[in-house]
1. Would you please name the residue that is nearest to GLU142 (Cα to Cα), looking only at residues in region 28-61 that are aliphatic (A, V, I, L, M) and open to solvent by 60 Å² or more (accessible area, probe 1.4 Å)?
2. List the residue pairs whose Cβ atoms are under 8 Å apart, where the first residue sits in region 114-130 and is on the phi > 0 side of the Ramachandran plot, the second is open to solvent by less than 50 Å² (accessible area, probe 1.4 Å), and the two are 6 or more positions apart or on different chains.
3. Quick check on GLU141: is it within 16 Å of the ligand (Cβ to nearest atom) and without any contact (Cβ under 8 Å) to a residue 60 or more places away in the chain?
4. Take region 13-26 and flag every residue that is open to solvent by 50 Å² or more (accessible area, probe 1.4 Å) and either more than 15 Å from the chain's Cα centre (by Cα) or over 15 Å from PHE53 (Cβ atoms) (or both).
5. Taking only region 28-65 into account, find how many residues are within 21 Å of ALA122 (Cα to Cα) and free of Cβ contacts under 8 Å to residues at least 60 places away in the same chain.
6. Just checking, how many residues over region 118-155 are open to solvent by less than 30 Å² (accessible area, probe 1.4 Å) and among the acidic types (Asp, Glu)?
7. Going by the structure shown, is LEU44 of a type in the set (A, V, I, L, M) and out of contact with any strand residue (DSSP E or B) (no Cβ under 6 Å at 6 or more places or on another chain)?
8. Show me the strands (runs of 3 or more DSSP E) found entirely inside region 36-124 where at least 1 residues are over 26 Å from LEU15 (Cβ atoms) and in contact with a Ser or Thr (Cβ under 8 Å, 6 or more places away or on another chain).
Amino acid sequence: MKVERNKVVTIVYTLRTNGEVVDQGELAYLHGHGQIIPGLEEALEGRHEGEAFAVSVPPEKGYGEPNPEGIQVVPKSAFPEGSEVAVGEQFYAQDPTGQPLPFVITAVEGDEVTIDFNHPLAGQVLDFEVEITAIRDASEEELAHGHAHGPEGLH
Ligand SMILES: [Zn+2]
């Protein structure tokens, strides 16, 4: 069986940017449904169980380029009382539909706090090492939902 649309593919991966490991783990996903970044999904297409490979994914096929509009300056008073307003701290805002929007503090100068809504990996070349550990047909339910389910059929 090979990796193609509507297969559930399990991979073990290590992700590096600039030589530093930023993420690693195991992931089962439904192939061909945009569940993983496009550059990685393309690199997996047509491969077989047990195959291991490395791929460098450019930003345009990864998390995109940082959007300058994602960077804003807000007053310290915009944060809840008692919260730690410091560089590197992560908070959540809400979009108009109530979805959480993560952002990180990138600078604090007096009362001016610079925050960044861009994905931390935006603008980065993503160096993946991947091993395909399993490939199976998706269930009817998984196809209807557009994503893979866990071993017990849970989300
Ligand atoms: Zn589901």
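The values are calculated or read from the model by the stated rules, or taken from the named source; none is laboratory data. On a predicted model such as this, the values are computed, not experimentally measured, just so you know. Cβ: placed from backbone, ideal geometry, glycine included. Neighbour counts: every protein chain shown. All accessible areas refer to the heavy atoms of the entire protein, side chains included, with ligands and DNA or RNA removed. Shrake-Rupley method; radii C 1.70, N 1.55, O 1.52, S 1.80 Å.
1. Of all residues in region 28-61, those aliphatic (A, V, I, L, M) come to 28, 30, 36-37, 40, 43-44, 52, 54-55, 57.
Within this subset, residues satisfying the condition of being open to solvent by 60 Å² or more (accessible area, probe 1.4 Å) are 52, 54.
Numbers: ALA52: 26, ALA54: 28 Å.
Restricting to residues being aliphatic (A, V, I, L, M) and open to solvent by 60 Å² or more (accessible area, probe 1.4 Å), the top hit is ALA52.
2. The qualifying pairs are GLY123/PRO59; GLY123/GLY64.
3. Yes.
4. First pass over region 13-26, keeping only residues open to solvent by 50 Å² or more (accessible area, probe 1.4 Å): 16, 18-24, 26.
Once the filter is applied, which keeps residues that are open to solvent by 50 Å² or more (accessible area, probe 1.4 Å) and either more than 15 Å from the chain's Cα centre (by Cα) or over 15 Å from PHE53 (Cβ atoms) (or both), region 13-26 yields ASN18, GLY19, GLU20, VAL21, VAL22, ASP23, GLN24, GLU26.
5. 9
6. Number of matching residues: 1.
7. Working: of a type in the set (A, V, I, L, M): yes; out of contact with any strand residue (DSSP E or B) (no Cβ under 6 Å at 6 or more places or on another chain): yes.
The answer is yes for LEU44.
8. The strands (runs of 3 or more DSSP E) meeting that bar are 71-75, 100-109, 112-116.
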